Amino acid sequence: MASRIAIIQGHPDPAPERFCRALAEAYAAGAAKAGHEARRIDVAALEFPLIRNQAQFERGAPPPAIADAQETLRWADHWVIIYPLWLGDAPALFKAFIEQTFRPGFALRYRDGRLPEGLLKGKSARVIVTMGMPAPVYRFFFFAHGLRNLKRNVLNYAGVRPVRATLIGSVKGMGRETAEKWLETVGTLGSEGR
Ligand SMILES: Cc1cc2nc3c(=O)[nH]c(=O)nc-3n(C[C@H](O)[C@H](O)[C@H](O)COP(=O)(O)O)c2cc1C
């Protein structure tokens, strides 16, 4: 069965030569070939301010670009999130997007005396992270810290599971052949809708 997929591009740089952008294209092409319906969210192209206090987070109305992104995320049953590792974590612009988007009412519903209820149950996600260091160094020496936070504290908490990850390391100076293999792998993920 064809899925509804949201492809979330978290790279702050709109330049098409960024590897993250080639990966998103490869995923989208694979998904289209297999008949999945895919919509894009390009965080670099969205206009939104930073969340600066708890009142804005809990009671503020999301700016229009964020409301549109929330609608796309609600529509999809699978999300593919792509970002480069910057200083051990997702880029600040992507984190600002997450703070804006994952507000109570969209991601969670607070309940008296109980843990919040996740409002995004039934969705799954894949997170694709590119990085300069070898991927096993990030996974085993740094314990994939920022990725685990995104997975558990943001996505799982909102009810999104399973969340799978694809770590693409040693990106700097990566040969053409290796890059093409990764694009093929990610294209296959797209055609399989996972
Ligand atoms: C501001 C900045 C910080 C970075 N920090 C890290 C880092 O902490 N660890 C790492 O392995 N790579 C780091 N890198 C390298 C990027 O992860 C790498 O260039 C990127 O994944 C390549 O993908 P792209 O072509 O889509 O930008 C950093 C790059 C920039 C620009």
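Could you tell me what a quarter of the Cα convex hull surface of the chain works out to, in nm² with one decimal place?
Dividing the Cα hull surface by four gives the mean projection, 11.3 nm².
About its Cα centre, how strong a charge dipole does segment 4-192 have in debye, to the nearest 20, once Lys and Arg get +1 and Asp and Glu get -1 at the Cβ?
620
Which lysines have a Cα lying under 18 Å from the Cα of LYS95, excluding residues fewer than 8 positions away in the same chain?
Once the sequence-local lysines are set aside, what remains near LYS95 is LYS151.
Give me D for segment 27-77 in µm² s⁻¹, whole number, from Stokes-Einstein with Rh from the Kirkwood sum over alpha-carbon pairs, 20 °C and 1.002 mPa s.
165
How high is the FRET efficiency from LEU115 to ASN149, r the C-beta distance, R0 22 Å, rounded to 0.05?
0.80
How much length, in nm to one decimal, is gained on full extension between GLU192 and GLU58, taken as 0.36 nm per residue of separation minus their Cα-Cα distance?
So the chain would gain 44.6 nm between GLU192 and GLU58.
Would you calculate a helix-derived [θ] at 222 nm for the chain, using -39,500 (n - 2.57) for each DSSP H run of n ≥ 4 and dividing by the full residue count, to the nearest 500?
Helix contribution divided over all residues of the chain: -10000 deg cm²/dmol.
Let's test the formula: R0 of 22 Å, r as the Cβ-Cβ distance of LYS33 and GLU180. What FRET efficiency results, to the nearest 0.05?
Between LYS33 and GLU180 the formula returns 0.80.
Tally the DSSP beta bridges in segment 4-192 and give the antiparallel ones as a percent, rounded to 5.
15
Modelling each spin label as a point 7 Å along the Cα-to-Cβ direction, I'd like the ALA15/GLU71 distance in nm, to one decimal.
3.4
All of the numbers you see were taken from the coordinates with simple rules; none came from a lab. Predicted model only: the values in this text are computed from it and were never measured. Cβ coordinates were reconstructed from backbone atoms using ideal geometry, including for glycine residues, and neighbour counts include every protein chain displayed.
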